[in-house]
Amino acid sequence: MSEKKIILDLAVSLDGFIEGKNGEIDWCIMDEDMDFNGFLSGIDTIFYGRVSYDSWGNYVPEADASEAEQKLWDAVHSKNKYVFSSQKREDDRAVFINSNFEEKIAEIKQEGGKNIWLYGGASLIKTFIQSNAIDVYRISVHPVVLGSGKPLFEDLKERINLKLIDTNVFKSGVVQLIYEPISGIE
């Protein structure tokens, strides 16, 4: 049984922001050729921060949303959900983790099965980056320059060396870069 990988799958602007200055994400593009359903089929677990979970963890698209969007959200909601929060909360659709984070993450990774999507938000992603807890960086660079907002990488204590594993270019102009961390410099 191999250990699950934690995959950061994230959209970023060309200038390195994961959201605009007012938290906007309206610049994110979802192309059919991105095969997001393929990504979702390779995971069985999603890690959320509380704010992101409250916003998106149980999101239901509008009744007139496309069948593809409905199916996408059904697939997202079929996953095991863990919410990292200082709040203690009972929720039928997610497990809230508010202590022993590193120990709980190690336990979840050892469970076997499919990989883990580190969904976010920004502060949870920052914590995982600073803890070197991300196994795969799957960054989709969007053809937009925001000028300001929430940066993907901030307050790093040390350099993170990455090895490019794959690239994908989509018809919208989005370029997806897939990296794995490496220790030391090769």
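When the test is whether a residue is out of contact with any strand residue (DSSP E or B) (no Cβ under 7 Å at 6 or more places or on another chain) and charged (D, E, K, R), residue 126 passes it. From the set of residues in segment 47-67 that are small (Gly, Ala, Ser) and surrounded by 12 or more Cβ atoms within 10 Å (Cβ to Cβ), which is farthest from residue 126 (Cα to Cα)? Ranking the qualifying residues of segment 47-67, first place goes to 65.
On the phi < 0 side of the Ramachandran plot, of a type in the set (A, V, I, L, M, F, W, C), in contact with a Pro (Cβ under 8 Å, 6 or more places away or on another chain) and surrounded by fewer than 19 Cβ atoms within 10 Å (Cβ to Cβ): which single residue out of 160, 134 fits that description?
Result of the check over 160, 134: 160.
Of the conditions (1) in contact with a helix residue (DSSP H, G or I) (Cβ under 8 Å, 6 or more places away or on another chain); (2) more than 17 Å from residue 44 (Cβ to Cβ), residue 138 clears all except one; give me its number. Going through (1) in contact with a helix residue (DSSP H, G or I) (Cβ under 8 Å, 6 or more places away or on another chain); (2) more than 17 Å from residue 44 (Cβ to Cβ) one by one, residue 138 breaks only (2).
Within the option set 126, 150, being touching a helix residue (DSSP H, G or I) at 6+ places or on another chain (Cβ under 7 Å) and under 19 Å from residue 49 (Cα atoms) holds for one residue only, 150. Against the list (1) over 19 Å from residue 125 (Cβ atoms); (2) at pLDDT 90 or above, the condition residue 11 fails is (1). Within segment 37-45, can one find any residue that is surrounded by 10 or more Cβ atoms within 10 Å (Cβ to Cβ), at pLDDT below 85 and in a helix (DSSP H, G or I)? Yes: segment 37-45 contains one or more residues that are surrounded by 10 or more Cβ atoms within 10 Å (Cβ to Cβ), at pLDDT below 85 and in a helix (DSSP H, G or I). Comparison of 113, 120, 173 shows that the only residue that is on the phi > 0 side of the Ramachandran plot and touching a helix residue (DSSP H, G or I) at 6+ places or on another chain (Cβ under 8 Å) is 120.
The number of residues in segment 127-186 being within 18 Å of the chain's Cα centre (by Cα), assigned to a loop (DSSP other than H, G, I, E, B) and over 20 Å from residue 14 (Cα atoms) comes to 5.
Looking at segment 70-91, which of the residues that are within 18 Å of the chain's Cα centre (by Cα) and either at pLDDT 90 or above or more than 26 Å from residue 38 (Cα to Cα) (or both) is surrounded by the most Cβ atoms within 10 Å (Cβ to Cβ)?
83
Evaluate segment 112-130: report whether one residue or more is among the aliphatic types (A, V, I, L, M) and loosely packed, with under 11 Cβ neighbours inside 10 Å.
Initial filter on segment 112-130 (among the aliphatic types (A, V, I, L, M)): 116, 118, 122, 124-125, 129.
Subset that is loosely packed, with under 11 Cβ neighbours inside 10 Å: none.
No, there is no match, as no residue in segment 112-130 is among the aliphatic types (A, V, I, L, M) and loosely packed, with under 11 Cβ neighbours inside 10 Å.
In segment 92-115, what residues are of a type in the set (Asp, Glu), without any contact (Cβ under 8 Å) to a residue 40 or more places away in the chain and closer than 26 Å to residue 37 by Cα? Answer for segment 92-115, where residues must be of a type in the set (Asp, Glu), without any contact (Cβ under 8 Å) to a residue 40 or more places away in the chain and closer than 26 Å to residue 37 by Cα: just 92.
The values are calculated or read from the model by the stated rules, or taken from the named source; none is laboratory data. All of these numbers come straight from a predicted model, not from anything done at the bench. Positions of Cβ are generated from backbone atoms using ideal geometry, with glycine treated the same way; all protein chains shown enter the neighbour counts.
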